[in-house]
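Below is one structure, written out as structure tokens; comments come after it.
The values are calculated or read from the model by the stated rules, or taken from the named source; none is laboratory data. Because the structure is a prediction, the values reported are computed rather than measured. We place every Cβ from the backbone using ideal geometry, glycine too, and count neighbours over all the protein chains shown.
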Amino acid sequence: MASILPPLSGRRGERAILERLLGSQRSEFLAVYGRRRVGKTFLVRRFFQDRPVTYFEMVGRFEGSQADQLQIFADSLSSTFYRDAPLAAFPDWHAAFRALVRAIEERKGRRRRTVLFFDELPWIDTHRSGFLRELEHFWNSWCSRRGDIILIACGSAASWMLRRIVNAKGGLHDRLTQTIRLLPFTLAETHEFFDARKVRLGLRDLIELYMILGGVPHYLDHVRRGRSVAQIVDELCFEKDGALRDEFDRLFASLFGSDKKHLAVVRALAKRRGGLDRNQLLAAAGLPTGGGATAVFENLEQGGFIRSGVPFGKTERDRIFRLTDPFSLFHLRWIEGRKASSWRHVHRTPAWQAWAGLGFEGLCLEHAPAIQRALGISGVRAEVSAWRSRDAQIDLLIDRADGVITVCEMKFTAAPFRIDKRYATELRDKLARFRDHTKTKKALQLVFVTSYGVEQNPYSDELVDQVLTMDVLVG
């Protein structure tokens, strides 16, 4: 790793895991998975860049043949162990792993750990290549008997990683010593990421940009300092050569190969922001019932694109699926079909306000732990869910073990939110319907999460128990 990489922002939990593996007295086998562009490769490279380890890295080639992958392996072996001396490609993976064993054992006089990083494993394991079989043998017969190896298997195809590595049968069954599912940055981590790069945005602007790009580090890395949100979004998404203009079209194909079913699910959920149950989703996406659909849902959920949950007071068969990936929601609302020619033209229009309101609700749902911390209940056992009936809906409920249900209302406004007579009536009615439908005996606490608080008046005094402003989301 000759090149110097930028600082590593966020990822404190993941860094702690890697520190523990580095200090272990045994060999470790780690699987890292997560969606494309989320920073898996960067995390591993940057963490080990300045560490006293021998570092071997092989990155698979998308749609490469077995011969391609074996040549890449030979080149990586040469770069790490033989000062770039040319090596002929190996005839098969058995010979390749034997050569790797020899190269490591020849350096046995150096008392340091050896990191073996196989990146984009699903691309390396070509049809009938035998790669996984040899990887299993390599770990079981050699690595696990030593105390100085950190073997890292990494891939963006979450379903493949789960099926073939994390939940593997056969030789790799129960062999992993650690897994990392890398998710997009939270809003707080995004703030830290921008701060390290001297990108200065006000908190409300940061939230708006997060509702567009999400916390995908690769997307955030394209943001140039000294620009407004409208300028940033136009540069990335609407200009002819924008870095993210065609990202959506590439995203699912690279993750899922034949991606028609996955796209059908994403598009169906984009039209129903409140979510759909399984039968509704199958019908909307035009998918047949059966295990194939279940695999599609699992792929998207493990990739961080959708989230499912059981509504308050319901059972597993009532599970609701929601599209939670901000970039997919933004693309399908504003870019596909060129529904907007420029973000500057859309900004602050009524259509933008409606979109921003829904986006802020989604952001709050994904940052429920931050809301719980701000309420001082992070140590209280609680379940986060939503509730809906035929005539009312609550998007965020925190059902607490201390006898309270926190009902959250979320508003993204340019000034303190004002509760008028009509809205006060709606709130009373909603809370009454919730209690009547659910028969709960718990106390109901009404909390507003808003940009700039709630304007004090008789209605707020009567109804609102607590007010949180948007700054708690980065706390």
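On the stretch given as the range 186-212, residues that are in contact with a His (Cβ under 7 Å, 6 or more places away or on another chain) and either loosely packed, with under 15 Cβ neighbours inside 10 Å or aliphatic (A, V, I, L, M) (or both) total 2. Taking the range 156-177 as the range and being small (Gly, Ala, Ser), touching a residue at least 24 places away in the same chain (Cβ under 8 Å) and on the phi < 0 side of the Ramachandran plot as the test, the residues that pass are 156, 157, 158, 159, 171. Would you be able to say whether some residue in the range 178-185 is surrounded by 18 or more Cβ atoms within 10 Å (Cβ to Cβ), in contact (Cβ under 8 Å) with a residue 24 or more places away in the chain and part of a helix (DSSP H, G or I)? The answer is no; no qualifying residue exists.
Close contacts from the range 45-69, counting a first residue that is more than 11 Å from residue 123 (Cβ to Cβ) and a second that is of a type in the set (Asp, Glu) and crowded, with 18+ Cβ neighbours inside 10 Å, with Cβ to Cβ under 6 Å and a gap of 6+ residues or different chains, come to none at all. Mind listing whichever residues of the range 25-39 are closer than 12 Å to residue 114 by Cα and either surrounded by fewer than 20 Cβ atoms within 10 Å (Cβ to Cβ) or aliphatic (A, V, I, L, M) (or both)? Result: 26, single match.
Total residues in the range 24-38 satisfying the condition of being part of a strand (DSSP E or B) and not charged (D, E, K, R): the figure is 5.
Give the residue that is nearest to residue 366 (Cα to Cα), with candidates limited to residues of the range 279-320 that are among the β-branched types (Val, Ile, Thr) and surrounded by 17 or more Cβ atoms within 10 Å (Cβ to Cβ). The qualifying residue nearest to residue 366 (Cα to Cα) is 306.
Where helices (runs of 4 or more DSSP H) fall entirely within the range 226-271, those with at least 1 residues that are exposed (fewer than 15 other Cβ atoms within 10 Å of the Cβ) and at pLDDT below 95 are at 247-256, 260-270.
Of all the listed residues (320, 306), the sole one being in contact with a helix residue (DSSP H, G or I) (Cβ under 6 Å, 6 or more places away or on another chain) and touching a residue at least 40 places away in the same chain (Cβ under 8 Å) is 306.
Of all residues in the range 321-345, those that are farther than 15 Å from residue 270 by Cβ and either surrounded by 18 or more Cβ atoms within 10 Å (Cβ to Cβ) or in contact with a strand residue (DSSP E or B) (Cβ under 8 Å, 6 or more places away or on another chain) (or both) total 2. Entry remark, the range 10-19: residues being surrounded by fewer than 20 Cβ atoms within 10 Å (Cβ to Cβ) and in contact (Cβ under 8 Å) with a residue 60 or more places away in the chain number 1 in total.
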